[in-house]
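Input: a single structure, listed below in structure tokens.
The values are calculated or read from the model by the stated rules, or taken from the named source; none is laboratory data. Predicted model only: the values in this text are computed from it and were never measured. Just the protein is used for accessible areas: all its heavy atoms, side chains included, with ligands, DNA and RNA removed. Shrake-Rupley method; radii C 1.70, N 1.55, O 1.52, S 1.80 Å.
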Amino acid sequence: MSLTIHAEIHGLGGRASELADLLAEHATRLAGADGCAGATAAQALGADPGEYLLITRWRDEDAMRSHYSSADYTYYVERIGELLARPSDVTISYVGQEVRATADLSQDPTRQG
């Protein structure tokens, strides 16, 4: 069963650019990790400075746990603590099935002859 992790990261506003750089680096490293199906770091529209999202997808729980014991994760943890205003809010979702929706553009009036 695959997993999706949604982390709301609450950084110090005055160090938001440092946090953004660390999250971008971390997401890039995650994307190359064995068993990681994707990683995205972003700031929500209208969010306060220092407020970010980190979304990761894992093949299975073993892959996720392996990452948490890796040198890459240790590197991230050692650097992020001083950039946080408070602990992150993290939700782990276990996904039994995933479906990608596709738009049916055949009924779009702007595409009608």
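Please state the relative contact order of the chain as a whole percent: Cα pairs under 8 Å, 6+ residues apart?
Working: 176 pairs, mean separation 45.1, N = 113.
Relative contact order, the chain: 40 percent.
If amide H atoms are built 1.01 Å from N in the plane of the peptide, which residues on other chains or at least 5 residues away come under 5 Å of the amide H of ASP60?
Residues meeting the criterion, in which the H sits 1.01 Å from N, are LEU3.
Provide the per-residue ³J(HN,Hα) series for the stretch 4-19, in order, calculated from phi with Karplus coefficients 6.51, -1.76, 1.60 and θ = phi - 60°, each as a whole number of Hz, with x at glycine and proline positions.
Along the stretch 4-19, the couplings run 10, 10, 10, 10, 9, 9, 10, x, 6, x, x, 10, 4, 5, 5, 5 Hz.
Accessible area of GLU78, 1.4 Å probe, to the nearest 10 Å²?
Here the accessible area works out near 130 Å².
Would you kindly derive the ³J(HN,Hα) couplings of the stretch 49-64 from the backbone phi angles with the Karplus curve 6.51 cos²θ - 1.76 cosθ + 1.60 (θ = phi - 60°), listing them in order in whole Hz, with x for Gly and Pro?
Each residue's phi maps through the Karplus curve to give x, x, 9, 9, 10, 10, 10, 10, 10, 10, 4, 6, 5, 4, 5, 4 Hz.
Shape call for the stretch 1-68 from the C-alpha gyration tensor, a ≥ b ≥ c root eigenvalues: rounded (a/c under 1.5), prolate (a/b greater than b/c) or oblate?
Working: a/c = 2.78, a/b = 2.09, b/c = 1.33.
Verdict is prolate for the stretch 1-68.
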